[in-house]
1. Over the chain, what is the relative contact order in whole percent, taking alpha-carbon pairs under 8 Å and six or more residues apart?
2. How tilted is helix 221-234 with respect to the longest principal axis of the chain? Cα atoms for both, answer in degrees (0 to 90, nearest 10).
3. State the three equivalent ellipsoid semi-axes of the stretch 1-143, derived from the C-alpha gyration tensor as the square roots of 5 times its eigenvalues, in descending order and whole Å.
4. Per residue, how much space in cubic angstrom lies within the convex hull of the C-alpha atoms of the chain?
5. Keeping every protein chain present and rolling a 1.4 Å probe, give me the accessible area per residue for the chain in Å².
6. Students often forget the sequence filter, so: which lysines lie under 19 Å Cα-Cα from Lys259 once same-chain residues fewer than 8 apart are removed?
7. Placing unit charges on C-beta atoms (Lys and Arg positive, Asp and Glu negative, everything else neutral), compute the dipole magnitude of the chain about its Cα centre in debye, rounded to 20.
8. If you average the alpha carbon positions of the stretch 188-219 and of the stretch 68-116, how far apart do those two centres end up, in angstrom?
Amino acid sequence: MAYETILVEIEEGIATITLNRPEVLNALNSQVFNELGEAAAQLTADQSVRAVIITGGEKVFAAGADIKQMASATAVEVSSSVRPSMIAFNRIENMPKPVIAAIAGYALGGGCELTLTADVRIAAENAQLGFPEIKLGILPGGGGTQRLPRLIGPGKAKELIFSGDFIPAEEALRIGLVNKVVPAGQLLAEARKMAGKFAARGAVAVQMAKSCINEGLQMDLDRGLQYEHKCFSLLFATEDQKEGMQAFVEKRKPNFKGK
Ligand code: CAA
């Protein structure tokens, strides 16, 4: 599929989605959201893709939703136009394969919210993350008030959202907003290395582990534990489970097939 505002490349089972509106610091307009949603559906259906990286490249991740597109919108227009962003973000979050956000430079507002839909966030040392919506008289409307407190706790989430302050990569690491900080020039290599590690594991087990964590976060503990138990039991119906355990017994590396 041809996209105009993003690039999608697939290499050795790892797909990389690169936001591609450099002239506006990768601001996310409705076309970007539509294309992200399409790409997420395409990569979900592509069985050869075992891990996904989302990045803005080595200079900037994304400076938020496109303010110029939103500036004169009415409440009625916004209530219908946010659907593409919700569809895209939900599809990315629920993709049955690991998703890594590789963040360089600014990841602000909707850009930072996009990173929250990934499973893991890797930041370059030059990354700046934040939710400046409050300074525009709005609030994070791309899931930030919901996903951020679930990730870093309500206290820190409120501080970030009420102040609109940007925080550097090291501070984001300290509060658990990102998993890892790496030198800027190594960002994409590190993301590919981690994606490669995930991709080498049993794909069904990774998919179910992701589902257990994502779905479990919506459930009380008892239901979550029951759901985990069902997924755990189901994995014993896969060839990968037989192969993984046989390989351990034979002291060799497993050769997972994703079935
Ligand atoms: N929307 C539209 N255009 C944007 C943009 C955005 N979010 N962020 C940057 N741009 C544009 C600028 O208008 C500028 O374009 P022109 O050259 O045509 O003027 C270009 O990108 C470069 O930006 P700057 O000249 O401002 O670059 P800078 O290095 O001086 O500053 C910045 C960088 C601090 C990130 C600054 O651009 C900025 O504050 N951007 C807005 C950040 C923001 O408020 N994001 C939240 C958006 S609201 C949102 O995301 C809602 C939601 O929850 C979904």
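1. The normalised contact order for the chain reaches 16 percent.
2. It works out to around 50 degrees.
3. Here the semi-axes work out to 24, 17, 13 Å.
4. 139 Å³
5. Per-residue accessible area for the chain comes out at 53 Å².
6. Within the straight-line limit of under 19 Å, Lys259 reaches these lysines: Lys97, Lys197, Lys210, Lys230, Lys242.
7. 680 debye
8. Each part's Cα centre sits 21 Å from the other's.
The values are calculated or read from the model by the stated rules, or taken from the named source; none is laboratory data. The model shown is predicted, which means the values in this text are computed figures rather than measured ones. Reconstructed Cβ throughout: ideal geometry from the backbone, glycine too, with neighbour counts over all protein chains shown. Remember, those area values only see protein heavy atoms, side chains included, never the ligands or the DNA or RNA. Shrake-Rupley method; radii C 1.70, N 1.55, O 1.52, S 1.80 Å.
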